[in-house]
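Data block below; observations after.
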């Protein structure tokens, strides 16, 4: 959960041939591996989730409901599964590229959900396993947030372990996804 909280305010970027995409991370959810019934790693290592068991700081990308690519940051020691789902970003750069991928709503809502991040950034399974410290997909330092600007709540969009307070969001952000808007 430390990583999920620490990612708030940081900048996710992706250098693509079309241009740079960037957004400020404003919402995350922690998934604590094999002990967490809502985690993809709950039943152990599989071909789909093997990245979760690797070194922290890598992209775990999966295809959700046959529709969306979702992006997680691996967040534990090698051999121990753990990941943080990036749920929402405030768009900073590459907004026209994001719009060109299908979302024409308000700018603040372009990346207001995990599927929207995947679509807006053009993510695919080819991005699974990318090292966030090397290459085109990365996370840059942002402005650390004081505790009063961070809301902690239950995860959303899951059916197991729903009462755990593993969702972190920036209070007042218009880009936070469904449920409570950052508090």
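Read-outs throughout are calculated quantities, based only on the coordinates presented, and are distinct from any laboratory measurement. These figures come from a predicted structure and were not determined experimentally. With ideal geometry, Cβ positions are generated from the backbone for all residues, glycine too; neighbour counts draw on all protein chains shown.
Mean sequence separation of contacting Cα pairs (under 8 Å, at least six apart), scaled by the length of the chain, corresponds to a relative contact order of 26 percent. Between residue 131 and residue 162, full extension at 0.36 nm per residue minus the direct alpha carbon distance yields a gain of 8.2 nm. If R0 equals 35 Å, the separation of the Cβ atoms of residue 35 and residue 143 corresponds to a calculated FRET efficiency of about 0.65.
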